[in-house]
Amino acid sequence: MATTANPVDRMGTDETHMPPSRSPWAETWHLLCKNRMALTGLVIFLVFFGVAVAGLTVTSGKDPILDPARVRLQEKLRPPFSAPKTDSLRSEELPALGIYILGTDDLGRDVFARMLQGAWVSLTVGFVAVGIAVGIGILLGGISGYYGRQYIQSGHILFWLLLVLAIVLAFQKILSAAAVLLIVAIAGWLWKKRHDRRVSPLPVCLKWIALPTMQVDTLIMRAVDIMLCFPSFFLILTVVALLPPSIYNIMVIIGLTSWMGTTRFVRAEFLSLREQDFVAAARALGISDTRIIFRHIMPNAVAPVLVSATLGIASAMLTEAGLSFLGFGVPPPHATWGNILSDGKAFIFDAPWLTFAPGVAILIVVLAFNLFGEGMRDILNPKLRERN
Amino acid sequence: MGRSNDILLAVENLKVHFTGDGPVARAVDGMDFQIHRRETVCIVGESGCGKTVTALAILGLLKQPPAIIADGRITFDGRSLLDMPAAELRALRGKRIAMVFQEPMTSLNPVFPIGDQIGEAVLAHERVSEVAVRRRVNQLLDDVGIVDPQRRLGDYPHQLSGGQRQRVMIAMALACEPDLIIADEPTTALDVTVQAQILGLLKKLKQEKNMAIQYITHDLGVVAAIADQVYVMYAGVVVEQGTTGIIFGNARHPYTVALLNALPTKKKRGRRLYSIPGSVPHPAYRPMGCPFHPRCEYCEPSCQNAFPALCDYGKGHHARCPILFAARGRAEETRA
Amino acid sequence: MLAFMGRSIIQKVVTLFFVSVISFLIIHLAPGEPSQIDPLNPKFTPEMVERMRTEFNLDKPLHVQYMLFYKNLFTGRIVSWRDNQPVLGKIWERFLNSLPLFVVGTILTWTFSFPVGIRSAIMRDGVYDKSATFLAYLLISIPGFFFAYILIILVVTELHVPVIGMETFGVTSASPLVRIMDRTWHLVLPSILGATGGVAVLSRYVRSQMLEIIGQDYVRTAWAKGLSSETVYYKHALRNALLPFVTMFGMILPGLIGGSVIIESIFSWPGMGRMAYEAILGRDYPVILTLNFITAALVLAGTLISDLLYMVVDPRIKL
Ligand SMILES: Nc1ncnc2c1ncn2[C@@H]1O[C@H](COP(=O)(O)OP(=O)(O)OP(=O)(O)O)[C@@H](O)[C@H]1O
Ligand SMILES: [Mg+2]
C-alpha cells in the first residue's frame, strides 16, 4: 500500500480552512476581470461615455469648437482625412482640427463633428428609454410579485372605469360630463377610504363594492400579454409617426413599449425572493412592507435588472437608428448616428464613409453593451458562480 | 489475506484536482483502495470528502477540465482505466462497471419511458432483438421489485416515486450483469423504510448475480448492514481501512472513532449525541499536516506539520494516525 | 385538456379585444386628424375632407366608429383611405409577396442555429464556441440596414447581380430559366438579412439551453450507461433541450405578417412590411389597424399552439 506520497505543500494557512469570503461586489469584479469579452465591453462603454460627454461640450453652445451644423457647399463629400481647401473657405469655416477626420457630407458638414453630436443623442436615447422601461418594469413587476395575491375589488374597477371614461370624454370635448364623472369617482374613492378606516361594515346595498374580482397579478400579467401582442417596431413606428417629431417623443415611446420583459422577470425575482427565509424572518419581525421591499428584496433583484437594462440600451439604440433610418427619427438638423447613415445612403458608392462611420460606430457601441450585458448575466448566474 | 489474484478494482494514489479561479481544489488527494470480486466495499465519509469524485474518476465521467487526474492508477480486472482508449472505456461502462447515482429524482431522463431507458443500457452493449430486450427489461424490473413491470414499462420517470425511481436506476445498472456496481449513496434521498428495502434489494441481488459492490455512503448504520470491507475517507484520502468487524470494534483513527460516537445506538439512548466539532475543510484550503488535526481531540504539535502515513495494525487494518499507533505501542509495552 | 383549451381561447379573445381597443384609441386620440393628412395638398379641399369624414364615419362618436370599424373588418368590407381598395385584398397580395422572404428566412434561421448552437455547447469554450459566440454578438449588434448596405456593396460590385426589388425590370420577357435565376438572386440577400439576427439570437439560446441540459444528472446517467457521445448528445440531451423551442415554434406565426420594414424598404420589396410603412406614412388607418389586428391574432394563436405543442412533447405536462 502506497501511503506517504502526499504533498507537504498543502495550502491554506488560515485557521478556518475555508475559502476566503469576499463581498459580492468584490466577487463580481473579480469574475468580470476574468471575462475578457465583458471587460472589453465595459471599457468601450466607458470610452463611449467619455466621448459622448466630450462631444456634447465641443459641439453645443452658441459658438461650438466643432460645429456640426456648419454648411460648406464647396467642400461637399470630401473623403476622410482630407485637408480643407483653404482658399475657398472663410477662416471661421475651417474645421477646428485642421482636417476632416471623417470627411464631409453632401452639404459639406464635418462628419466628425456630427458624429460627436450624435454620440450624445444615442446615449441619451438609450438611457432615457431604458430608464423609463425599467422604471415601469420594476414598479409593475414589484407590485405583481409582492402584492400579486391581493384582489382588486369591484369598487377599484369602477373608479378606474370612471376615470378613463372622463378622460375619453375630455378628449371628445364634452368637458362638463367629464368633470362630473371625475368628481363622482374621486368622491366615491374618498368615501370608501374613510369608511375603511372606521372598520364598520358596508351597507348591504353597497356590499358589491368590496367584491373581490381579480388578482392584481392577473391584471398586470394580462396587461403584459396585451402589450406583447403589438409588434413592437411597428407600434413604435406608428406612434412616432403620429406624434410631432421630437427626440423626447422617441425616447418616451421606446421606453413605453419595452417594459414587458423587465416586468416579467422582476415579478419572478420578487416571487422567489419573497418565499425566502430572510424575507419571512423580516416579516415575522414586523418590519414594514416598504422596508422589506427596499432594504431586503430590491438589493437582491437589482443586479439582474441592471443586466437586462444594459441589453435594453443596446436594443433601444438600434431601434432609434432604425427609426432615424426610415426618416422617423430625431428631426434634422440635429445629428444622430441613424440619420447620418440615412442621409448617406444616397451616396453609398460615392461617399461610403457616410455609411460606414456611423454604421461602425453603432455596431461597436451596441456590441459593447451586448458583450457587457451578456457577460454580467453569466457572472451573476449562481450556477456558474458557486464553482470557483 | 491471500486474495490478490481476486482483485477486481484497484485504485492507487488517485489524485483528482479541480482547477478554476483561485487555488487548485484537491478534491481527491491520494486515494487508495481495492475491491475484490463479489465483495461489498463501503467508502464512508462526510459530505464533500471526495466520494463521488472518486467514483466518477473510475468511470471516466469527470468533466476535464475543470477536473484533472493529477496522479494515480486505476486498474480494473488487470487493465488500467486511465490509459484506456475512450471507445474501450465506453464499452466497459454499463457493461462491466455500472453506477447508481445519488439523486434518483434527477438521474432519469424525464422525456423517455423507463422501459426504453433500461433497454437502452442493454442495446448499447449487446446485439439482441427488440423482443429479447423487452423480456429482459421486464425481468429486470421484476428483479428490483417493481410490481406489474409489464405495465410500468411505458411509464415516465415523473410517474414513479423516489424509491421506485431508484429501483429503476438499479435495474438499469444490472442490465448487463456487471462485475461491479458503484452505488453512490443510493438511499440518501429516500425515506428510512424505502432505504431499508433498497439495501435489502442490493444485498439480495449481489448474492444472485455474483457482483462486487462499491457502496458509497456517509451513514455508518448502512455500512454495518452490508459491508465486507470498509474504507473511511476524510478530505480526499483514506484514513482508516479494515473489515467491518474491525472498524466497528477496534477503530484506530480519531475520525472513525468520532463517527462511531456520533452514531445513535441503543446504549446511548436518551443521551445527547456526540457531534464532531468544526467542518470538513474546503478542498482548496486544507490544513498542513494531518487534514483532520483542527478537529481532532488527540491532536499533537507534530500533527500540524507532517502528513501521517498509514499505520499497519495487521489483518488488513490500517489507520492514518501515528499518535494512536504510538499510544497503542506504549500500552502494549507496559503490559508486557 | 378541453377545459384548458376553452379557458385559454376565452382569455385570448379577451386579450384581443383589449388590443383592438387600445390600438384604436392610440390612433384616434393621437393629435392630428386622419383627414388632415396634408393641408397643403391641393387634392384635399375642404369639401374633400368633409366627404372623407362622413364616408369614414369620422363625424360619429368614438365608440360608434370602433363598432363600425370592426364590423367592417369582420365582414371584409373595410377599405383603404388611400385608394378605396379593400384592405384584406391588399394585405393578401402583399402577403404573397412577403411569403417567399419569410419562408426562406425562417428555414435559414432554424437550419443554421441548431447545428451551430449545439456544436458550440458541446465544444464549450473551444475555438469554435468562442468564434461562434463573438460572431453571434456581432450579428445581434449590427444595425440591419448597415449590414444590408455592406452586403449590397459586396454583391453588386463583386458579383454584378442586381438585387433590388423582387425581380429585374423587364425580365418578364426573358426565358423561364433566366427568370427563375433572377428571382432567386433577388430573394437571396433579403432573406439572408432577415435570417441573420434570428440565427444569432436562436443559436445563442440553443447553446445555453444545451449547456444547461448537458450538466443535468440524467445526462451523466446516459454517459454511465456507456452510450456513444452521439446518442448522449443528440438523443438524451437534445430531446430535452428542444422542449423550450417548441414554444418558439408558435412564435414564428406572427413573423408571417410582420415582415421587416427596414429590409423591405431597402430592397424595395413590395411586401407587408413596406405596406405597413406606407400606411403609416399616409396615415391610412384602416390598413394600420387591420394589420395590427391580424398580427395580434396571430401572436395569440401562436401562444396557443405553443402551449398545445408543449403538452404533446413534454410527458410531464398532462392536462
Ligand atoms: N465540478 C467541480 N468543480 C469544482 N469542485 C468540485 C467539482 N465537483 C466536486 N468538487 C469538489 O470536490 C469535493 C468533493 O466532492 P464530492 O462530490 O466527491 O463529495 P461527496 O463526498 O460525494 O459528498 P456528498 O456526500 O455530499 O455527495 C467537494 O468539496 C467539491 O467542492
Ligand atoms: Mg456525492
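The values are calculated or read from the model by the stated rules, or taken from the named source; none is laboratory data. As the structure is a prediction and not an experimental result, all values here were calculated from the model. Ideal geometry is used to build each Cβ from the backbone, glycine not excepted, and the neighbour counts take in all protein chains shown. Please note that ligands, DNA and RNA were not included when accessible areas were found on the heavy atoms of the full protein model with its side chains. Shrake-Rupley method; radii C 1.70, N 1.55, O 1.52, S 1.80 Å.
A few comments on the model shown:
- What segment C:96-313 shows is 40 Å² of accessible area per residue, with the surface traced by a 1.4 Å probe over protein heavy atoms.
- For B:Tyr234, residues with placed amide H under 5 Å, excluding near neighbours: B:Val239
- Segment A:24-387 - charge dipole about Cα centre, Lys and Arg +1 at Cβ, Asp and Glu -1, debye rounded to 20: 1360 debye
- Placing a pseudo-label 7 Å from each Cα along the Cα-to-Cβ vector at C:Ile9 and C:Ile180 gives an inter-label distance of 4.3 nm.
- Per residue, the convex hull spanned by the alpha carbons of segment A:222-300 comes to 119 Å³.
- Pairwise alpha-carbon distances in segment C:88-206 exceed 17 Å for 65% of all pairs.
- More than 18 angstrom apart: percent of Cα pairs within segment B:69-153: 57 percent
- Residue (of B:Gly50, B:Thr19, B:Leu108) at the positive-pole extreme of segment B:1-115, dipole from beta-carbon charges: B:Leu108
- Diffusion coefficient, µm² s⁻¹, Stokes-Einstein with Kirkwood Rh over alpha-carbon pairs of segment B:191-289 at 20 °C and 1.002 mPa s: 138 µm²/s
- For segment B:1-146: rounded, prolate or oblate by the Cα gyration tensor [a/c cutoff 1.5]: prolate
- Measuring spread by the Cα atoms of segment C:175-227 yields a radius of gyration and Dmax of 20.8, 61 Å.
- Note on A:319-331: average number of Cβ atoms from other chains within 10 Å of each residue's Cβ is 3.
- Only helical runs count toward this figure. For chain A, summing -39,500 (n - 2.57) over DSSP H runs of n ≥ 4 and dividing by all residues gives -21000 deg cm²/dmol at 222 nm.
- Residues with amide H under 5 Å from that of B:Arg286, placed H, sequence gap 5 or more: A:Met11
- Links that overshoot a 28 Å alpha carbon limit, given the list A:Lys193/C:Lys12; A:Lys192/C:Lys12; A:Lys173/C:Lys71; B:Lys15/C:Lys235; B:Lys95/B:Lys204: A:Lys193/C:Lys12; A:Lys192/C:Lys12; B:Lys15/C:Lys235
- Size of electric dipole in segment C:172-319: Cβ of Lys, Arg +1 and of Asp, Glu -1, about Cα centre, debye, nearest 20: 380 debye
- Scaling the Cα radius of gyration of chain A by the globular reference 2.2 N^0.38 Å produces a ratio of 1.34.
- Here segment A:91-243 is assigned +1 on the Cβ of each Lys and Arg and -1 on the Cβ of each Asp and Glu. Its dipole about the Cα centre then comes out at about 1380 debye.
- The alpha carbons of segment C:96-313 occupy a box of 65, 43, 34 Å along the principal axes, longest dimension given first.
- Taken one residue at a time, the phi angles of segment A:240-256 give Karplus couplings (6.51, -1.76, 1.60, θ = phi - 60°) of 4, 5, 6, 8, x, x, 6, 5, 6, 4, 4, 4, 5, 5, 4, x, 5 Hz. Gly and Pro are set to x.
- All Cα pairs of the protein assembly as shown, percent lying beyond 40 Å: 58 percent
- Principal axis dimensions, segment A:161-289 - Cα atoms, whole angstrom, descending: 53, 49, 23
- Gyration tensor (alpha-carbon) shape descriptor, segment C:245-319, a/c threshold 1.5: oblate
- Near-label residues of segment A:104-127 by backbone N, under 19 Å of a point 7 Å along Cα→Cβ of A:Val360: A:104-106, A:110-120
- Label zone at C:Arg124, where the point sits 7 Å out along the Cα-to-Cβ direction: segment B:16-55 residues whose backbone N lies under 16 Å: B:18-21
- Peptide A:360-372 - average C-beta neighbours from other chains (10 Å radius): 3
- For segment A:139-155, 3J(HN,Hα) per residue [Karplus equation, 6.51 cos²θ - 1.76 cosθ + 1.60, θ = phi - 60°, Hz, x = Gly/Pro]: 4, 5, x, x, 4, 5, x, 9, 9, x, 6, 6, 9, 8, 8, 4, x
- For chain B, radius of gyration divided by Kirkwood radius, i.e. Rg to Rh on alpha-carbons: 0.99
- Intensity falloff of segment C:66-107 expressed as log10 I(q)/I(0), Debye formula with alpha-carbon point scatterers, at q = 0.23 Å⁻¹: -0.75
- Between the residues A:Phe127, A:Leu318, A:Val224, the greatest Cα displacement towards the positive end of the dipole of chain A, with unit charges on the Cβ of Lys, Arg, Asp and Glu, is found for A:Val224.
- Rounded FRET efficiency, nearest 0.05, which uses the C-beta distance separating A:Trp191 from A:Thr213 and R0 of 25 Å: 0.80
- Backbone HN-Hα couplings from phi across segment A:332-342 [Karplus 6.51/-1.76/1.60, Hz, Gly and Pro as x]: x, x, 4, 8, 10, 4, x, 7, 4, 5, 5
- Each of A:Ile254, A:Thr336, A:Leu181 was scored by the projection of its Cα onto the charge dipole of the protein assembly as shown, and the greatest displacement toward the positive side belongs to A:Leu181; charges sit on the C-beta of Lys, Arg, Asp and Glu.
- Every pair of different Cα atoms in segment C:193-312 enters the Kirkwood calculation, which places the hydrodynamic radius at 17.1 Å.
- Placing R0 at 41 angstrom, the Cβ-Cβ distance between B:Asp71 and B:Thr188 gives a FRET efficiency of 0.90 after rounding to 0.05.
- Amide H contacts under 5 Å for B:Ile182, placed H, 5+ residues apart: B:Ala98, B:Met99, B:Val100, B:Gln214
- Zone residues, segment B:80-101, relative to B:Gln64, backbone N less than 12 Å from point 7 Å out along Cα-to-Cβ: B:81-86
- Projected label distance in nm at A:Ala69 and B:Ala262, using a 7 Å step from Cα toward the beta-carbon: 7.7 nm
- A:Arg149 paired with A:Ala280, simple spin-label distance in nm, labels 7 Å along Cα-to-beta-carbon: 1.2 nm
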